[in-house]
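Below is one structure; the comments refer to it alone.
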Amino acid sequence: MELELVLSPAAASRLPHLKLLAPLKQGRARNRPVRIVWHDSPDAALAADGLALAERREGWQLERMYPGRDLWPPATPAPVLREARDRASLGDDALPETLVPTASFAGRALGLSLLVENEAMELTLLSGTIRGVVDEHQAARLLISGPARETVRLALILADELPLSVPRASLAGEAISVARGIVPAPRRIGAPAVPDGVSVADAFAHLAGHLTDVILHWAPIAAAGEGGPEPVHQMRVGVRRLRSVLSVFRSATACPTIAEAAAGLKALGAVLGPARDWDVFTAGIGARVATAFPEERAMVRLMEAAERHRRQGYADLRRFIDDPAFRLLGIRLAALSAARLWEQEIDDAERTVLATPLTDFAVAALNRRLKRMVAPGNDIAHMEPEALHIIRLRAKRLRYAAEFFAPLFPGKATRRFTRRLSQLQEELGLLNDGTVAAGLLAQLPGGGAERAFAIGLVRGFVAAASNTARKEIVEVWRDFRKQEPFWT
């Protein structure tokens with residue numbers, strides 16, 4: 001297999017001299033010049049279709065720039081759709097009529113042959129300058145090829161020594177964004193869904209790869225505190241969805257590789273939680289109470305304290321994302337779909353589950369989640385907030401699973417089910433916001449009578465809102481219970 005990782009250009013020169021590589025090297029390093037020119041139509045038709053046309057010394061390649069319907073895992077080279085010695089041989093049907101150069105890369109490729117645990121491996125370090133009409137910058141990519149397990153292991157060892165991480169865009173995507181003076185588009189965004197006609201194993205790999213892309217896209221934006229609360233929110237949702245994928249497919253993939261990824265996601269979720277919770281409080285319940293009492297100094301000071309906690313949450317998140325451990329987590333997550341080491345680690349019972357038709361697997365998974373969720377029965381009006389919170393979590397897990405498998409069951413029933421489930425989750429979430437707010441207020445230090453007064457105002461608001469939310473929850477719950485599952 002082959003992994004493609006991005007390396008800080010400033011650190012690229014250190015790679016060949018790492019002590020850990022010295023005993024592994026086989027023969028002398030190979031060094032050759034590299035020049036790539038990317039072409040597109042004047043109106044960027046290829047880029048609009050997520051494609052890139054690269055001219056190299058060896059010939060021409062039409063490649064993916066962003067994932068389409070194909071299963072293109074993160075941290076792997078762009079899929080080549082067509083290649084030929086000359087442009088004309090690619091076929092006129094694949095290219096716009098008029099082509100112009102849009103971006104270029106000029107640099108060198110350093111090749112190293114290694115022997116790792118008696119396995120032959122190759123490192124190729126590509127470093128140089130990307131140039132466009134409006135800008136240029138330095139870039140470096142490292143390609144590691146060899147047996148899957150050794151490739152992932154070496155990537156993790158090198159990433160512990162150097163600022164090596166999963167690319168957020170292909171080299172072509174990076175180059176064309178430089179040429180246009182824009183930020184590269186995300187490889188994938190939003191909720192994933194299984195493609196048509198795939199196996200259980202391929203479905204898991206696709207969902208894991210999609211959500212890895214989502215998490216890694218939002219991570220630097222969230223760490224920088226840009227774009228308000230949305231980046232942290234989307235990153236947290238991506239983490240929760242990926243943890244749900246690991247849970248949905250546990251019966252087919254439970255093994256040490258998955259357990260290690262799950263532990264990393266849990267740690268990331270724990271540091272995202274405070275930043276998101278304080279975002280919700282300061283922009284939601286806290287802001288509404290402060291607006292209702294604009295002259296109340298106690299509320300002003302309470303909101304100032306809340307804002308300090310929100311900033312601390314972001315500072316903790318930034319430290320987590322800037323730490324080398326996060327880069328290692330990114331590689332481990334990408335490897336779930338790129339290397340699929342879990343296929344080598346699972347037992348015979350799990351292989352039997354992997355052999356199940358995907359629709360049958362989906363039906364069983366959805367039935368399990370629905371059964372747990374509706375276990376409380378029709379009457380939930382008098383349930384304590386903690387019990388309603390459990391229903392909310394189960395509703396969320398069911399919704400994520402329903403989103404994953406929705407393409408297997410197209411039709412109005414699927415859309416109606418997920419819409420009502422989302423509505424239920426939203427109503428339960430409004431009630432839970434009050435519970436979370438109470439927990440956050442308990443973290444605020446001291447403040448005496450003034451602080452107690454402000455907290456009382458917030459709790460009074462929460463109590464009033466909770467009564468309204470409970471009525472809505474009961475109604476939405478009954479409507480949801482009446483409908484048939486879309487997968488039956």
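The values are calculated or read from the model by the stated rules, or taken from the named source; none is laboratory data. All values derive from a computational prediction rather than experimental measurement. Please note: Cβ atoms are built from the backbone with ideal geometry, for glycine as well, and neighbour counts cover all protein chains shown.
Would you confirm whether any residue within the range 430-451 is assigned to a helix (DSSP H, G or I), at pLDDT below 90 and of a type in the set (Lys, Arg)?
Yes, that holds for at least one residue.
So is Ala375 closer than 29 Å to Ile390 by Cα, assigned by TED's automatic domain parsing to the domain that holds Cys255 and of a type in the set (Gly, Ala, Ser) or not? Before the answer, list the steps.
Numbers: closer than 29 Å to Ile390 by Cα: yes; assigned by TED's automatic domain parsing to the domain that holds Cys255: yes; of a type in the set (Gly, Ala, Ser): yes.
Yes; evaluated as a whole, the condition is true for this residue.
Looking only at the range 11-50, which residues are of a type in the set (A, V, I, L, M), touching a residue at least 40 places away in the same chain (Cβ under 8 Å), part of a helix (DSSP H, G or I) and farther than 13 Å from Ile176 by Cα?
Narrowing the range 11-50 to residues of a type in the set (A, V, I, L, M): 11-12, 15, 18, 20-22, 24, 29, 34, 36-37, 44-48.
Okay, now just the ones that are also touching a residue at least 40 places away in the same chain (Cβ under 8 Å), so 11-12, 15, 18, 20-21, 24, 29, 34, 36-37, 44-47.
Now drop any that are not part of a helix (DSSP H, G or I), which leaves 11-12, 15, 20-21, 24, 45-47.
The answer is Ala11, Ala12, Leu15, Leu20, Leu21, Leu24.
Just to be sure I understand the filter: pairs with C-beta atoms under 7 Å, separated by 6 or more residues or on different chains, first member in the range 133-162 and surrounded by 15 or more Cβ atoms within 10 Å (Cβ to Cβ), second member assigned to a helix (DSSP H, G or I) and of a type in the set (Gly, Ala, Ser). Which pairs pass?
These pairs meet every condition: Ala140/Ala12; Ile144/Ala155; Val152/Ala335; Leu162/Ala11.
For the range 67-94, give me the residue count where each residue is assigned to a loop (DSSP other than H, G, I, E, B) and either closer than 18 Å to Ile36 by Cα or within 31 Å of the chain's Cα centre (by Cα) (or both).
If we filter the range 67-94 for residues that are assigned to a loop (DSSP other than H, G, I, E, B), which is where we start, we get 67-79, 85-86, 91.
Right, trim to either closer than 18 Å to Ile36 by Cα or within 31 Å of the chain's Cα centre (by Cα) (or both) and you get 67-79, 85-86.
Selection size over the range 67-94: 15.
Please state which one of Gly68, Gly50 is in contact with a Lys or Arg (Cβ under 9 Å, 6 or more places away or on another chain), over 25 Å from Ser113 (Cβ atoms) and at pLDDT below 95. Spell out how you get there, then give the answer.
Working: Gly68 fails: in contact with a Lys or Arg (Cβ under 9 Å, 6 or more places away or on another chain).
Checking each option against the conditions leaves just Gly50.
Whether any residue in the range 296-313 is farther than 24 Å from Val436 by Cβ and part of a helix (DSSP H, G or I) is what I want to check.
Taking the range 296-313 first, the residues farther than 24 Å from Val436 by Cβ are 297.
Next, only the ones that are part of a helix (DSSP H, G or I) stay: 297.
Checked against the condition, which is being farther than 24 Å from Val436 by Cβ and part of a helix (DSSP H, G or I), the range 296-313 yields at least one hit.
So which residues in the range 467-488 are surrounded by 15 or more Cβ atoms within 10 Å (Cβ to Cβ) and either free of Cβ contacts under 8 Å to residues at least 60 places away in the same chain or within 32 Å of the chain's Cα centre (by Cα) (or both), if there are any at all? Don't jump to the end; show me each part of the working.
If we filter the range 467-488 for residues that are surrounded by 15 or more Cβ atoms within 10 Å (Cβ to Cβ), which is where we start, we get 469-470, 472-474, 476-477, 480, 485-487.
Selection gives Ala469, Glu472, Ile473, Val476, Trp477, Phe480, Pro485, Phe486, Trp487.
Among the residues of the range 51-70, which ones are buried (at least 16 other Cβ atoms within 10 Å of the Cβ) and either closer than 21 Å to Asp196 by Cβ or without any contact (Cβ under 8 Å) to a residue 60 or more places away in the chain (or both)?
Going through the range 51-70, the residues buried (at least 16 other Cβ atoms within 10 Å of the Cβ) turn out to be 51-55, 60-67.
Residues satisfying the conditions are Leu51, Leu53, Glu55, Trp60, Gln61, Leu62, Arg64, Tyr66, Pro67.
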